[in-house]
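J.: Have a look at this one before I ask anything.
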Amino acid sequence: MVVSLKRATGLFMGVLLLLLPACFVTAQKPVAYSLAQLVDSAGHNLPLLLQKEALVRSAEAGIKEAGHAYLPKVNVVEELSVGSANDLTGPFLPVPGTLHSIAGSINSESNYQAVSGNLASVYAEYELVNFGLRGAKVASARAFAGVQQADLEKERYLVKWQLGRLYFEILRTAALLAVDSQDIARYQAMYSISLALTRTGVNAGVDSSLARAGLSRTQVAYNEAAGQLRKLKLQLEYLTGIVQPEIAMDTSGIEKRIVGAAGTGSMAGAGPGTGNGSGAGSGLTAGDKSAPGAGMGSSGQGTGIPANPLSDYFVRQRLLFGADERLARKSYLPKIVVGAGGWARGSSIQYSNRYESLGEGLGYQRLNYLAGVGVTYDLFNGIHRRDRLAVLDRQVEAADYALRQQQLSLHTQQLQAEESIRTAQETLGQLPLQLSAATDAYQQKLAKYKAGMINLVDLSNASFELFQAQSAYITAWSQWYTSSLDKAAASGDLESFIQTVK
């Protein structure tokens, strides 16, 4: 029994030791994020967006505050006092300080004997008619909340746009890094071949030195590209709040795509958004909707273009100034106020000028009530209203110009993006020939160099031409995606574009 238990324990521990490395590798595998997931993470973690959300909630609370500002006012006062009653009859201005009585004593001589008093009062007031002022204030508060919401949506939109450009820039840099890696491999091969030829006496020793210098140069370029990629990922980490984020991509697929296109001399089916080649393997395929011109609104009117948060903000701002203008017109109208109150009072001074004990003044001895309706209007309100409306009119005019400027800017950006897409498509149509020719030339030069028929400079030139062709393909490919992103952002279709990027 004991032996069997030990054997079972040993077997369990052996299996556990075998499984632990696999579990560790699985746990350490980085999570790859799509563009839509990165955008969602930024919305939940970027402090700038969280600040804007807090301002929206504050503005929404301001709507309720504006509505409650016109509730009836009810003041309740209970006051116990001890002091002298040695005043004189006469009026006074209600300046800040001690409240004076308008009634005086009934004796000619001063009397500083302390007396007690008790006063309780209730007063209620309500603006019965304010000629639409309350509605105008609530409308202004709603308009302000609309501006805050539009500001939040604008910032979200800009962050999405920034993340999209950063996303494709990271993919471009990673793809160029793969090209640099191939360039290093070619120069490593050159160096090995030149070193072998130098040892056999076929080539001079300078060839191996030149090859070594070329290899060092390509390694420096690779290190710089790798450093740039790390900085881009740090920017992505700042925006999304994700520690060391990884993008769902496979750069080896990009290499196969380039090499395959070069070997066949054709890039049919390998263009952006086709779903073939390394696009599917690298997470770069945008699907049918991201094909050039698909899913994008035009810059014309009445075409069902989704609202663009970048221009909607200025629309909301214009509405706010209009609401403030209506509020200003209502603020300087008369107000009809209804008020009512009652009070009870006690005093230790009794009838016939008898000063009783202080305790006599602690109870209520007389009750009074009062109600009335009043109309209030400042005779200078006409001047104030004219001055205020002059200020608001200029703000409305400025808001109109700002909206027109933003619409013009977005329209121009959309046209520029469409031109960049067209240029990228034309370039991608020509690059297969260049890439195929550069590959063939390099292979031929490599064979001739191995045979000692050409020098290293000729082979290096061929390698450089191949590197240039590969880099040009990556640049054109990146230009197509970035320009498509810019077009979607300018036309207000950014969210749909992001969702189609797989």
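J.: Fewest to most neighbouring Cβ within 10 Å: what's the order for Lys233, Lys448?
T.: The order, fewest Cβ neighbours first, is Lys448, Lys233.
J.: Take the residue pairs Lys231/Lys487; Lys154/Lys233; Lys231/Lys450; Lys64/Lys330; Lys64/Lys154; Lys73/Lys330 and return only those whose Cα atoms are more than 31 Å apart.
T.: In this structure, Lys231/Lys450 lie more than 31 Å apart at Cα.
J.: For Ser81 and Ala307, compute 0.36 nm times the residue count separating them, minus their Cα-Cα distance, and round to one decimal in nm.
T.: 74.8 nm
J.: Then there's this: As a footprinting exposure proxy, order Phe144, Phe131 by other Cβ within 10 Å, with the fewest listed first.
T.: Final ranking by Cβ density, sparse to dense: Phe131, Phe144.
J.: Listing Ser347, Ser58, Ser108, Ser420 from the residue with the fewest other Cβ atoms within 10 Å to the one with the most, what is the order?
T.: Ser108, Ser58, Ser420, Ser347
Coordinate-derived values only; no laboratory data. Nothing here was measured: the structure is a model prediction, and the numbers come from that model. Note: ideal-geometry Cβ built from the backbone for every residue, glycine included; neighbour counts use all protein chains shown.
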